[in-house]
Each structure stands twice: as structure tokens, then as C-alpha cells.
Amino acid sequence: MRKKLSLYLIVLALLSLLVSQAALAEGDGTVTWDKWTANNGGWKIEGYVNADGKSNPITAYAAVDQNGPLVTVEWTVQFIEHTFSLGPAAGVHIMADASDPTKANSYLIFQDNGFIRLYRGTGSQLAKNGDFPATAADGDQFTYKVEFNTKTGAMKIYRDNQLFGEWTDPNPLTSGKYLILRTNGTIASFKEVKVSNQ
């Protein structure tokens, strides 16, 4: 009887620890899968997976306030398969003021097979502001982090904790309401999407 009671108390303590850790994880800025909505394509939102490897662009969005002055956005993406000539190709629009990237003002951080590319989106127009050499291939998985100062316009782009590029927007976006996942002719899996505002 004592052994059963001891075992029960140990299990109860472990469950309590797991519940506490889960509660902490919810407050860490992670954008959970149930917050995402597909704009188009074959998204499996439960795992942030775009299963459409042929269409361009394929997007999904989540309503997430980004209101600095220092906004940090982090995500991990695994490139699974591609049909796009520059593929694999996937990235994230940050600081977006609309859920549709063809109507949003935003910054797009986008990895293709040879570069991490930085665009400033204004409605349906994407103006390129940086090409930072960094290769990617099917099967690769990387974690990206973008630090953006909404007051100075200074942006730093990291991949796997290595600084790959910097740029300063002379007329910076000061707040955003959406994150938008994007792929071009690529099946990709996004996870651990996080936002912090400091």
C-alpha cells in the first residue's frame, strides 16, 4: 500500500511539474498552431506545414502584435521539397499591417537556395533591400531570428545564431499586427514561431 501511495505521489509530482512547464511555455511568445489561418495553398496548420510545392506564393497568417521599440521574431523552418527554380524558398513577413501579403506593408525575410533576402513590402510591391549569401537545400533545417528597432529602423538577421545581415530602414514601420508565413514552390515545415516586444 505504501509503495502504491509513494508511486502515486511521484506521478502526481511529475504531472504537476509538466503542467507548470507547459504554463510557462505558453507565456514565452510562441505563436501556437491554432492561431494560424491559411490564405491559400495546402497548409496543414497543425504543424505549420505547407504541403503545396508548386504554387507561388503560398501564405498563412497569425494576428500577432509587434509594437517594439525592439521587436524580435524567431522561427525554425525545415525545407522538405521544392519545384521552384531558386528553391527551396520560404520565409516570414514581419510587422505586417494586413493578413494578405499582397495588401500589406511589411518586411519579408526569405531564404532561397543561395541567399537570405530582405524585402520591404508596400501593398503588392516588394522592394529588395538585401541579399545575404547563405545556402539552403531540401532536408535542411534552420532557425532564423530578426531583431528590429522600430525607432531607428535598424534590423539584424540571424540564422542559427550567426549574424547574416543588417539593414536600416530610413522610414521604419513602427508596428505590425500580423506575421505571414510564405513559401514559393516549396514544401516546408515551420515551427517554434516566437515574437517578443521590448
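The values are calculated or read from the model by the stated rules, or taken from the named source; none is laboratory data. Quick caveat, the model's predicted, so the values are computed rather than measured. Backbone-built Cβ (ideal geometry, glycine too); neighbour counts: all protein chains shown.
Would you be able to say whether some residue in segment 96-106 is among the hydroxyl-bearing types (Ser, Thr, Tyr) and either at pLDDT 95 or above or outside the structural domain of Gly185 (by TED's automatic domain parsing) (or both)? Yes, that holds for at least one residue. Evaluating Gly139 against the criteria (1) at pLDDT 95 or above; (2) outside any strand (DSSP E or B); (3) on the phi < 0 side of the Ramachandran plot leaves one unmet condition, (3).
Scan segment 29-43 residue by residue and report those that are exposed (fewer than 14 other Cβ atoms within 10 Å of the Cβ) and assigned to a loop (DSSP other than H, G, I, E, B). Matches in segment 29-43: Thr32, Asn40. Note on segment 67-118: residues that are small (Gly, Ala, Ser) and within 19 Å of Ala38 (Cβ to Cβ) total 8. Among the residues of segment 106-142, write down those that are surrounded by 15 or more Cβ atoms within 10 Å (Cβ to Cβ) and among the hydroxyl-bearing types (Ser, Thr, Tyr). Those that are surrounded by 15 or more Cβ atoms within 10 Å (Cβ to Cβ) and among the hydroxyl-bearing types (Ser, Thr, Tyr): Ser106, Tyr107, Tyr119. Using the structure shown, decide if Tyr178 is of a type outside the set (A, V, I, L, M) and more than 20 Å from Asn67 (Cβ to Cβ). The answer is no for Tyr178.
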